[in-house]
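S.K.: The structure under discussion is supplied below as structure tokens; questions concerning it will follow.
The values are calculated or read from the model by the stated rules, or taken from the named source; none is laboratory data. From a predicted model like this one, the values you see are computed outputs, not experimental measurements. Counting neighbours? That spans all protein chains shown, and the Cβs are built from the backbone with ideal geometry, glycine included. Ligands, DNA and RNA are excluded from the accessible area calculation, which covers all protein heavy atoms including side chains. Shrake-Rupley method; radii C 1.70, N 1.55, O 1.52, S 1.80 Å.
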Amino acid sequence: MAARESPPGIQIKVSSKGGGGSGSGNTVHPVEEMDRPEGVSAPPPAVYGEIKHSKKWVTWLIPCFVVANIAMFVITMYVNNCPKNSVSCVARFLGRFSFQPFKENPLLGPSSVTLQKMGALDVSKVVDKHQGWRLITCNWLHGGVFHILANMLSLLVIGIRLEQEFGFIRVGLLYIISGFGGSLLSALFIQSNISVGASGALFGLLGSMLSELITNWTIYTNKIAAFLTLVVIIAINLAVGILPHVDNFAHIGGFISGFLLGFVFLIRPQFGWVEQRYALSGYSALSRRKFKTYQCILWIVSLVLVIVGVDCS
């Protein structure tokens, strides 16, 4: 018996390393053939190779950042040596790792003198003694156990997802540059106190998630719900910055930096371009642009604003 001829159409196999069960939306069905005038031959069916449009990266940089922050906190506590420099300490049984009195540091951490010694952001030292490196080192220091726990848990939740999606290079640059941007804004508005913490970098990652959703808007489903959820999370975190002893200027500076950089670093090709790229040789597909016009405009505008902002600071 002769084999049945398969109907003309387009069959695309979509592969996602992230997995997904039934209803995950990873199947594209053949397009039905439209009626055409008599005598006009049908075009050959488009055959595509395997499309891997959602490659997952192995996450290692974010865990390294977490380990580095914890290591710096342990070193800071070792240098602090509360029993030697203070009359009373919290958890004195920890020896030189014991904490400053609650009255001095309610976060269970070192003294401000020790934080300054380790590289906290002190505007007078940055300006008068040309210690610009403090704009970077302050992002790797924390004021206490509560401070570092909150930041590291947030970093794991936010950072791992981003690194899986976009890789360690882009996420690493986002983290470091956003932290620097937060330090810059903090230095402009808070000049009488010292500032430490990875919050600016964390808000940069949050900002980049928002801009990533905006610039890749057309390839997402349930985009409105995702957008509103992200905006609520960001608003709550910024509201926490109103509390005493919290440097909200670092949060805002990091968020703005990450938001702009997200348009630059986290832009995704459109699915039409991806399917064209994986078309097998011998099939002439319609020419599709890799990025939409609005993506290119956002990319250029954001890059210019980042450069101008850093230059003006």
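S.K.: Given axes a ≥ b ≥ c from the Cα gyration tensor, I'd like to know whether the stretch 98-226 is rounded (a/c under 1.5), prolate (a/b larger than b/c) or oblate.
M.R.: Prolate, since a/c reaches 1.5 and a/b exceeds b/c.
S.K.: Where the accessible area of the stretch 80-179 is counted over protein heavy atoms with a 1.4 Å probe, how much of it, in %, is carbon and sulfur?
M.R.: 67 percent
S.K.: In terms of solvent-accessible area of protein heavy atoms at a 1.4 angstrom probe, what is the ranking of Leu149, Leu238, highest value first?
M.R.: Leu149, Leu238
S.K.: Counting pairs of alpha carbon atoms under 8 Å apart in space and at least six apart in sequence, what relative contact order in percent does the stretch 174-263 give?
M.R.: Dividing the mean separation by the residue count of the stretch 174-263 yields 53 percent.
S.K.: Go through 201-210, 221-230 and give me the packing order, highest mean Cβ count within 10 Å leading.
M.R.: Per-residue Cβ counts within 10 Å, averaged per peptide and sorted highest first, yield 201-210, 221-230.
S.K.: Using a Förster distance of 25 Å, how high is the FRET efficiency between Leu156 and Asp128, based on the Cβ-Cβ distance and rounded to 0.05?
M.R.: Taking R0 as 25 Å, the efficiency between Leu156 and Asp128 is 0.10.
S.K.: Something else about it: Ordering Leu173, Leu115, Leu188 by accessible area with a probe of 1.4 Å, largest first, what comes out?
M.R.: Leu188, Leu173, Leu115
S.K.: Now for a different question. Near Ile169, within a Cβ-to-Cβ distance under 15 Å, what is the net charge of the other residues, with Lys and Arg +1 and Asp and Glu -1?
M.R.: Spelling it out: positives minus negatives among the neighbours equals 0.
S.K.: Run the 1.4 Å probe and let me know the accessible area of Arg92, rounded to the nearest 10 Å².
M.R.: In the full protein context, Arg92 sits at about 120 Å².
S.K.: Just to verify a number: what accessible area does Asp122 come out at with the full protein assembly present, 1.4 Å probe, Å² rounded to tens?
M.R.: Surface open to solvent at Asp122 totals about 20 Å².
S.K.: In nm, what is the difference between 0.36 nm times the number of residues separating Ala225 and Phe93 and their Cα-Cα distance?
M.R.: 42.5 nm
S.K.: For the stretch 137-220, what is the accessible area per residue in Å², given a 1.4 Å probe and the full set of protein chains?
M.R.: Spelled out: the 1.4 Å probe surface of the stretch 137-220, per residue, equals 35 Å².
S.K.: Once you have a ≥ b ≥ c as the square roots of the Cα gyration tensor eigenvalues for the stretch 203-244, tell me rounded if a/c is under 1.5, and otherwise prolate or oblate according to whether a/b is larger than b/c.
M.R.: oblate
S.K.: So what's the gap between the Cα centers of the stretch 243-262 and the stretch 105-129, to the nearest angstrom?
M.R.: Cα centroid of the stretch 243-262 versus Cα centroid of the stretch 105-129: 19 Å apart.
S.K.: Please list Phe263, Phe97, Phe291 in order of solvent-accessible area, largest first, computed with a 1.4 Å probe with all protein chains present.
M.R.: Phe97, Phe291, Phe263
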